[in-house]
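To start, the structure itself, in structure tokens.
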Amino acid sequence: MKVGLEIHAQLDTKKLFCNCNTELMDNPTKNIERKLHVTVSELEEIDRAAFEESLKNKKHVYEAFDNSCLVYLDEEPPHNPNKEAIETSLKIVLLLKADIVDQIHFMRKIVIDGSNVSGFQRTTIIGLNGVIETKYGNVKIQTICLEEDAARKDREKKDKIFWKVDRLGTPLIELATAPTIRTPEQGKEVALFIGNILKATKKLKRGIGTIRQDLNISIEKGARIEIKGVQELNMIPVYIKEEVERQENLLKIKGELQKRNANIGDIYDLTDLFKDTQCKIIKKAEKVLVLKLENFSGILGMEIQKERRFGSELADYARKYVPGIFHSDELPNYGISEDEKNRVLEKLKSDSFVIVTSTNEKAENALKEIIKRIEIAFQGIPEETRRPLENGATSYSRPLPGKARMYPETDVPPYNISQQTIEKIKKELPEMPKKKKTRLMKEYNLNEENTTKIMIYDPDFFEEIMEKYDIKPTIFLKVAETYKSFGCENLEELEIVYDYLSRDRLVKEGIETVLEEFSKGNKDIDKIIEKYNLKPISVMNAEETIKRIVQENRNTIEKKGDRAVSALMGECMKALRGKVDGKIVNEILLREIRKI
Amino acid sequence: MKRVKVRKGDNVYEGIEIPSVDEKYLVLKLDNGYNIAFRRNEIKVDIIGEFEKKSKKIEKKEARYRKELRDVSIIGTGGTIASKIDYTTGAVYPAFSPEELEKMVPEIFELANIYPREVLQILSENMNIEKWKRVGNAVIEEINKDRSIVIAHGTDTMHYTASFLSFTLKNLSLPVVLTGSQRSSDRPSSDSRMNLFCSVKFATTDYNKVVICMHGTMEDTFCYVHKGVKVRKNHTSRRDAFQSVNTKPVAKVYYNGEIEFFEDMPAKHEKRAYFDDKIEEKIFLLKVFPNIAHEILDFLIDQKYRGIVLEGTGLGHTPSILYNTIKRGIDEGVTFCMTSQCINGRVNMNVYQTGRKLMELGVIPCKDMLPEVCYTKMMHVLGHARESDEIRKLMRTNIAGEIIEDTVIL
């Protein structure tokens, strides 16, 4: 097994080639409809993946905002590259002890799925040949690239894809390791390690989806597969295991097909056979085309990955033209009866088949794709880009792009990196994660597990909180991780919670409730504490005492107003000394006085 | 190109050496497609082989002649619509032959029988009178074969060319459509494909005038067709940079091939078309600005310029400091025409004293003519007329649609 990782992290700067902000926005105000076409690349080979996408012939609608500029609508040439983004990349290159290129050449990487308005992504290599040490051995970092993030896919209609351009052009650091990762667990460790180095620059965007991992996986006799966009570190080992299993099963299928002397037959129009069918999908369809398969029984339905069968792989290929397919191993089902299945088998004089329904042209094209996929199954495994599914399995998205999809970005002149720049950046290098981890463990008396968690979360934020507030590291982690489990990472909101906890204004048992309310958009912590009764008992008791004292001194208060605080403070403290902090007593007292 | 091994410190990189603009650097195309560059004095380079470009031969398909379709000649002049990458300068340069254009836009072959012809290979900023003449003559040759014309042109000066051809192509019986692209044709998002499609489509109509056909908006939905004498490049980079000024466009051509006309079809010419090559070359286009000095005008008169288009301020004014020199010029036979740098609207030299004074001196107010149009019109008019009264009359008479007597609310 060989695994290589590609890690993408968004930088928290302006866009790479203009001065626009990179915050995600709602409510676009402008729609721009475009079409993309295949082009001949630098070396005049039409890229395989690009070509395949163009078959889809989709229209793309780019949703822009009031302050979107022309650069990322592809209506103006790029401005100079963002200096902060380049310098951050250089920092990372230096931290990974990689070679720095002496001159940066931006390239255009053809991407015609529509996610880049121009039809290409700008990308450049900043560094090469870095290295990281893991407990499973050294892993080489082949390249460190700086590139543009893509637009966000918003929704898809029949022939149109809608994209939001707010994310397009956000600087993205891409690190690619050599395919030297040997175990699923090592995959996770490498991702973690690189993630920590990236975070150490303090220039990373926070939040869901700001760091994404691609996994390149191959096994012996298998094929190189790229799983694109894994967000959850803990899932890395799962995807690796599942992909290895998928490839092993596909190799088994290959052997089985050859052994059985399986065969792909002709396409039959069996629309009439289904004229009285109960299957809703077939009823609606103009044509029912059936592909005859010989000796495929059991193979179509064979599970090759969690909840994925060989039939699912065929359906993926057909998806460009039809939403789904039926195959004989899953029938009777979906309203197709046993009788109908048998009549098809009889008609074909075969043991298995695939049904596609749609217009004639679409169904035929879908079957051509399916035939293409089955033909590959006899040879082995196709090289593909695959989409990660939640359960650890993956689905096909497109063929693995070839090499001919890169040519110089001629609108951006080469960017020289001087020795002085490097010297300057060397002075600004942050503490390396490994060193930092050791220091944190010692300084805060932490165990290995918690330090690792803090390193993953945000060691700088941790130190900032420890300095400002009197709370335990375990509480820091509990709060941060709880909030993350609700999908939130807002540091300012977290800080409010730390503040309340440190001042004894919120019971520990209330952390989860407060954060859950925060995540729902209710940000007033006092109201939440009131509503769910999350005050420490001491404070509640103090409130009662103070209320009583206030009631007893109504006359004084009516005369003096706010100034009654100093008069009554002494009496309150006499009753509460040692039980509640004076500051809190003062606050409650003032509040109660104002109620009078 | 050479395949090389580059040693930098402990690391070795292999790839193709790409010509570099800055000779201090070696640019290497790695096998993964990226270009990287190193300072030459810090590396060791070994040549390990020759790199052969896999040049796939373009299949020369015999174009099938379809009787039911019109014939359209696509004349190549260079520009972004036909551009490739220059490794040496790192810039885009014109290179695609019209044959290559065919490969890029196969759908135009459904619209017409296509006859590509390369006349020039230049960036449009290098357009000049001699080249205009070559284009004009080529157009006539093709028109006389009963072919409509699409001219692929760089966008920078396309409106000058369109205007020039509007005055010099006489008795046109078929459309002459100029088009180009604002985003280079190597990129998937290029506007060249739709522009070419819509232009060829429009060339199959009977609109027998010189027009510019370019994106109507930032979207790939339709092109506007503009009169060659009423259009201007009004944006440095947007797809819809070309806009009709003081008038509506001629038509909208949708990407599905539908055409919506905003005006009637012009009258047909029975006479044979010809290119009128009587041109006065010594014409100058001068923008008036605060602090302009009269010496510059004196210089132009000394240099024997025969016509000067003033791009005046507002309704058609110059600072009074120029009066004496303008008088000198007119006395020496130089024609002065007034247009406005406001671009939109028309000149009116009656409103202020300055305008009246300039008219008194003999400056010709050129109504709602665009400065660039006035410039090419003067080349044409002065190529024919010598007498100042005749020149004045011709400059103020509509020849090719360049003058509209009333400024309509648009």
So for segment A:478-596, what are the equivalent ellipsoid semi-axes in whole Å, largest first, each being the square root of 5 times an eigenvalue of the Cα gyration tensor?
33, 14, 11
Send over the per residue convex hull volume for segment A:452-528, Cα only, as a whole number of Å³.
81 Å³
Nearest 0.05, what FRET efficiency do A:Lys30 and A:Ser538 give at R0 = 60 Å with Cβ-Cβ as r?
0.60
Quick one: the Cα spread of segment A:2-224 along its three principal axes, in angstroms, biggest first?
51, 42, 33
DSSP bridge pairs, the protein assembly as shown: antiparallel proportion in percent, nearest 5:
75 percent
Segment B:71-275: equivalent-ellipsoid semi-axes (sqrt of 5 x gyration tensor eigenvalues, Cα, Å)
23, 19, 17
Semi-axes, largest first, in whole Å: what does sqrt of 5 times each Cα gyration tensor eigenvalue give for the protein assembly as shown?
61, 45, 31
With all pairs of different alpha carbon atoms counted, what Kirkwood hydrodynamic radius in Å does segment B:206-353 show?
18.4 Å
From the P(r) of chain B, can you give the percent of Cα pairs sitting at distances over 26 Å?
60 percent
Any idea which of B:Thr339, A:Cys69, A:Phe461 is furthest toward the positive side of the dipole for the protein assembly as shown, if Lys and Arg beta-carbons carry +1 and Asp and Glu beta-carbons -1?
A:Phe461
Given a cut-off of 17 Å, what percent of all Cα-Cα pairs of segment B:2-50 lie beyond it?
23 percent
Would you look at the GNM of chain B, springs on alpha carbons closer than 10 Å, and say which of B:Tyr34, B:Tyr305, B:Tyr375 moves the most?
B:Tyr34
May I ask which of A:Lys2/A:Lys437; A:Lys83/A:Lys203; B:Lys209/B:Lys268; A:Lys58/A:Lys362 have a Cα-Cα span longer than 19 Å here?
A:Lys2/A:Lys437
D_trans [Stokes-Einstein, Kirkwood Rh over alpha-carbon pairs] for segment A:251-399, 20 °C, 1.002 mPa s, µm² s⁻¹:
138 µm²/s
Interatomic Cα distance distribution for segment B:123-237, bins of 5 angstrom, percent
2, 12, 23, 26, 20, 11, 5, 1
Given Cβ charges of +1 for Lys and Arg and -1 for Asp and Glu, the option among B:Ser320, B:His384, B:Cys374 whose Cα lies farthest towards the positive end of the dipole of segment B:315-395 is B:Ser320
Quick check on my link table: of B:Lys170/B:Lys230; A:Lys135/A:Lys252; A:Lys59/A:Lys306; A:Lys424/B:Lys5; A:Lys468/A:Lys523; A:Lys15/A:Lys109, which ones sit more than 26 Å apart, alpha carbon to alpha carbon?
A:Lys135/A:Lys252; A:Lys59/A:Lys306; A:Lys424/B:Lys5
The size of the Cβ-based charge dipole (Lys, Arg +1; Asp, Glu -1) of chain A about the Cα centre, to the nearest 20 debye, is 820 debye
Gain in span if fully extended, A:Lys435 to A:Arg591, counting 0.36 nm per residue against the direct Cα distance
51.3 nm
Residues of segment B:1-25 with amide N under 12 Å of a point placed 7 Å along Cα→Cβ from B:Ile47
B:1-5, B:17
When the scattering of chain A is computed by the Debye formula from its Cα atoms alone, each counted once and equally, what is log10 I(q)/I(0) at q = 0.06, 0.11 Å⁻¹?
-0.46, -1.12
Accessible area of segment A:444-596 with a 1.4 Å probe: how many percent of it is carbon plus sulfur?
46 percent
Please list log₁₀ I(q)/I(0) at q = 0.18, 0.25, 0.28, 0.29 Å⁻¹ for segment A:537-595, using the Debye equation with identical point scatterers on the alpha-carbon positions.
-0.50, -0.97, -1.21, -1.29
Residue-normalised accessible area of the protein assembly as shown, given per residue in Å² at a 1.4 Å probe:
45 Å²
Volume per residue (Å³) of the convex hull spanned by the alpha carbons of segment B:217-291 is 177 Å³
List the pair-distance distribution P(r) of segment A:152-196, using every Cα-Cα distance, as the percent of pairs falling in each 5 Å bin from 0 up to the bin containing the longest distance, rounded to whole percents.
5, 15, 17, 12, 10, 12, 15, 12, 4
Rounded to a whole %, the carbon-and-sulfur portion of the accessible area of chain B at a 1.4 Å probe is 48 percent
Given the candidates A:Val101, A:Ile355, A:Pro171, the one whose Cα lies deepest towards the positive end of the charge dipole of chain A, counting +1 at each Lys or Arg C-beta and -1 at each Asp or Glu C-beta, is A:Pro171
Considering every residue in A:119-128, what mean count of other chain Cβ atoms within 10 Å of its Cβ is obtained?
3
Charges only on Cβ, +1 for Lys and Arg, -1 for Asp and Glu: so what's the dipole of segment A:379-518 about the Cα centre, in debye to the nearest 20?
800 debye
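The values are calculated or read from the model by the stated rules, or taken from the named source; none is laboratory data. Since the structure is predicted, the reported quantities are computational estimates derived from the model, not experimental observations. Heads up, the Cβs are rebuilt from the backbone with ideal geometry, glycines too, and the neighbour counts pull from every protein chain shown. Protein only, heavy atoms only, side chains kept; ligands, DNA and RNA dropped before computing areas. Shrake-Rupley method; radii C 1.70, N 1.55, O 1.52, S 1.80 Å.
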